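Encoded as C-alpha cells, the structure appears first; notes follow it.
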Amino acid sequence: MKPWWADGVRFACQGSGRCCVSRGAYGYVYLTLEDRRRLAAALGLPTRRFTQLHCAKTDGYFHLKDDGPDCRFLVDRRCSVYEARPTQCRTWPFWPENMPARAWTAIAAFCPGVGQGAKVPAARIEAVLQEQRRSTAKL
Ligand code: SF4
C-alpha cells in the first residue's frame, strides 16, 4: 500500500527554530561520530574536546548537552552551526517516526514549514528517511 505521502508533501523550512527547542519526545539531538567530527571541525576543536564540551551520553548514545529548552547552538533563533548541523537536524522533518499521518499532524501543529513551498517528491522523502535510518543505526 502506498504511504499517504506518495504524491509528495509540501514543506519548506521557514527558519522558525521551533524544531531546535526541546519538547518531550523530541528532546535530544543525537550525534553520530561523523556528526561530532563535522561539528568539531566547524568549531575548530578536536573531536574529543568538542565531545567534552558539548556532548552527554544517555543509555549509551551521544547527544548534545541539554541545558535548557533551546539547543545550545540556537542563537537568535538561528542555528549557529547550520552548515555542520547534525544529521538529525538535516533530515528534519522526514524522520520515520514522523511519517505516520497522525504524527505528521502533530508536527504540523508546531512546525510552520509544513504545508509551505513546493511539494517534496516521494523519492526525495524516501532518500531522507533512509539517511536518517542509516544515521540512527550508527548512533
Ligand atoms: S544543531 Fe542547529 S539545527 Fe540542530 S537543533 Fe541545534 S540549533 Fe537546531
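The values are calculated or read from the model by the stated rules, or taken from the named source; none is laboratory data. Please read these numbers as outputs of a predicted model, since none were measured by experiment. Heads up, the Cβs are rebuilt from the backbone with ideal geometry, glycines too, and the neighbour counts pull from every protein chain shown.
The single condition among (1) under 30 Å from Ala122 (Cβ atoms); (2) more than 11 Å from the ligand (Cβ to nearest atom) that Leu33 does not satisfy is (1). Screening Leu45, Leu39, Leu33, Leu53 for residues that are in contact with a Lys or Arg (Cβ under 9 Å, 6 or more places away or on another chain), modelled with pLDDT of 95 or more, farther than 24 Å from Leu129 by Cβ and of a type in the set (A, V, I, L, M) leaves exactly one candidate, Leu53. Might you let me know whether region 16-38 holds any residue that is of a type in the set (Val, Ile, Thr) and over 18 Å from Ala108 (Cβ atoms)? Yes, the conditions are met somewhere in region 16-38.
When the residues of region 1-27 are filtered to those that are assigned to a helix (DSSP H, G or I) and away from the ligand (no atom under 13 Å from the Cβ), the one that is surrounded by the most Cβ atoms within 10 Å (Cβ to Cβ) is Ala25.
Determine, yes or no, whether Asp70 is under 15 Å from the mean Cα position of the chain (by Cα) and either hydroxyl-bearing (Ser, Thr, Tyr) or modelled with pLDDT under 95 (or both). Yes. Across region 62-80, the number of residues qualifying as within 9 Å of the ligand (Cβ to nearest atom) and under 15 Å from Thr51 (Cα atoms) comes to 3. Cβ-Cβ distances below 6 Å connect the following pairs, each with a first residue in region 73-93 that is at pLDDT 95 or above, a second residue that is of a type in the set (A, V, I, L, M) and more than 9 Å from the ligand (Cβ to nearest atom), and a separation of six or more residues or different chains: Val81/Ala42; Ala84/Ala42; Pro86/Leu31; Thr91/Val128; Pro93/Ile107. In the set (1) more than 9 Å from the ligand (Cβ to nearest atom); (2) in contact with a strand residue (DSSP E or B) (Cβ under 9 Å, 6 or more places away or on another chain), the condition left unmet by Leu53 is number (2).
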